[in-house]
Structure formats: C-alpha cells, structure tokens
1. Answer yes or no: is there a residue in the stretch 100-112 that is out of contact with any His (no Cβ under 6 Å at 6 or more places or on another chain), modelled with pLDDT under 85, under 20 Å from Gly77 (Cβ atoms) and hydrophobic (A, V, I, L, M, F, W, C).
2. Can you tell me which residues in the stretch 63-99 are at pLDDT below 85, under 13 Å from Ala180 (Cα atoms) and among the small types (Gly, Ala, Ser)?
3. Would you check which residues across the stretch 22-41 are more than 12 Å from Val151 (Cβ to Cβ), open to solvent by less than 10 Å² (accessible area, probe 1.4 Å) and of a type outside the set (Gly, Ala, Ser) and list them?
4. Can you tell which of Leu115, Leu58, Leu44, Leu105 is in contact (Cβ under 8 Å) with a residue 40 or more places away in the chain and open to solvent by 30 Å² or more (accessible area, probe 1.4 Å)?
5. Would you call Thr210 touching a Gly at 6+ places or on another chain (Cβ under 8 Å) and not aliphatic (A, V, I, L, M)?
6. Report, by residue number, each residue of the stretch 114-153 that is assigned to a loop (DSSP other than H, G, I, E, B), at pLDDT 80 or above and not polar (S, T, N, Q).
Amino acid sequence: MAELTSLTSIDHLEWAALLVALAALVRGYTGFGFAAIAITGLNLIWPPQLSVPVILLLDLIGTAGLLKPALRQADKGLCLRLGQGALLGIPLGLTVLIQVPETWLKLIISAGVLLMTLLLIRRPAVTPREYPLLTRLVGILSGAFTAAASVGGLPVVCYLLTTPMKPALQRASMVLFLAATDLLALLMLYLNDVFDASLIGPVLILLLPTLVGVQLGQWAFHRLRPTSFHPVALPVLALLSVSGLGMGLYTAF
C-alpha cells in the first residue's frame, strides 16, 4: 500500500467528501447504498485498492448509530443464514481485490452495480416466503462483493425485495448483516496487508460527511416513513455505475 500514500494526501478530496456525504444520506434513509454509491463514485478518482478499504471502514462507523434499533427489529434467522454464506464469499472477493488489475476491477465493479441496479428497477415478483438455501447463496455473493468491491448490500437488497418483508424489517436486517460483513471483511483485509496506516488519513477526513449524512438520512426515514426506497437510491446508483463503466471502458481501450 506504500504506493498509495500520496493519494491519501489528498487527491480530489472535495469530490470524495461530496460523494461520501450523498452516499451516507442514502444509507441513513434506506439502510443500504452507502458503499455502492461511494465506491462507484470514488472509483472515478481513486483506485479500488484504496477506495474499498476506506469505504468499508466508513460504512462500519456510519452504521454504528443504526445498530441499536436494527438489533431489535431485524430478522435474526435471516441474518444468520446470510452470514453463513458470507463466510465463504469474503475470501473469494478478497482474492479478486488483490489479484485483478485496477482498470479491470473498476470495470467489474461498475458493471456489477449497474446490473444489480437494473434488477432493482425491474422490481422482481414477490415470492411467498424466504428460501434458506437461496438466502445462503445470496450471502456468498454478498460476501464476495463486500470484500472485492464493498458493494455487498446490493445482492441482499435485490433478494429481499423479492420477499414479503416490510421495508422497516428489510432495512433493519440489512443494517445488521452488512455491519457484520464489513467487520469481517476489514479483518481479512488487514490480515492480508491490504489495510494499513496509510488509509487512516482519508478515513478521518471523510468521517464527518459520513456521520452527518447518515444522521440526516435517518431523520428523513423516521419523518417520511417511506413505503419504497427505489425513487431515492436507484437513480444515483444508475448514474454513477454508467459513468464508471464509461470511464473504465475508455481507460481500458
């Protein structure tokens, strides 16, 4: 990570702060979207090997204020089954983060975010119940996306929207599961020397926009009581993923 130290001292910091604040606002309101929006945006200015661990740590810190109500409301069984899958998926994602070149990793992240955003826009039909095996498979995919690209929430969102769960229960379950996977992914990044002291600077500088955005989003959620999160998160995700995909293709070719 030594070669990234110059970036941490602060390339395009004003844009990074704006992107992180927007992502945190969406996360506080919907319970998801922080990492996907922040990573897709930051990949326009930073390499994924820097942005992924920074956003994972900010995501975990920003989630702290959401955990207490989430612990009361979440579907613990669902979170456990997702977590069982994530234990298998996180090492796979970590391998991708370490081994795949920066340009191609940006392309993969942007394409993956765009695909899952399109799935969310499609609004798949609701199934009558949750299927435990499918839940664990989604957990594997989410764990892999968390470690490789810090966007593990999107597979879970796509899946939960096909279940008959109410938005408040979906939100609480996502908050609890994503906090646990962020923590595990950060631990594995640290053990594999992907996370080191050179990342502390950007984390500290972006912490205030993260906390303010999450609190504003949470206030809006409790005030507005939305019945759907689609109108807020999806346009932002689509715009950023298309921009990232276009820039990645231009760089690669």
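1. The answer is no, given that none of the residues of the stretch 100-112 is out of contact with any His (no Cβ under 6 Å at 6 or more places or on another chain), modelled with pLDDT under 85, under 20 Å from Gly77 (Cβ atoms) and hydrophobic (A, V, I, L, M, F, W, C).
2. Ala64
3. Within the stretch 22-41, Val26, Arg27, Thr30 meet the criteria.
4. Details: Leu115 fails: in contact (Cβ under 8 Å) with a residue 40 or more places away in the chain; Leu58 fails: open to solvent by 30 Å² or more (accessible area, probe 1.4 Å); Leu105 fails: open to solvent by 30 Å² or more (accessible area, probe 1.4 Å).
Sole residue among the options that is in contact (Cβ under 8 Å) with a residue 40 or more places away in the chain and open to solvent by 30 Å² or more (accessible area, probe 1.4 Å): Leu44.
5. Working: touching a Gly at 6+ places or on another chain (Cβ under 8 Å): yes; not aliphatic (A, V, I, L, M): yes.
Judged against the criteria, Thr210 is a match.
6. Kept after step one, since they are assigned to a loop (DSSP other than H, G, I, E, B), are these residues of the stretch 114-153: 123-131, 150-152.
Subsequent filtering for residues that are at pLDDT 80 or above retains 131, 150-152.
Correct list: Tyr131, Val151, Gly152.
The values are calculated or read from the model by the stated rules, or taken from the named source; none is laboratory data. Keep in mind that what you see is a predicted model, and the values were worked out from it rather than measured. Here the Cβ is made from the backbone with ideal geometry for all residues, glycine too, and neighbour counts use every protein chain on show. To get the accessible areas, we keep the full protein, side chains included, count just its heavy atoms, and leave off ligands, DNA and RNA. Shrake-Rupley method; radii C 1.70, N 1.55, O 1.52, S 1.80 Å.
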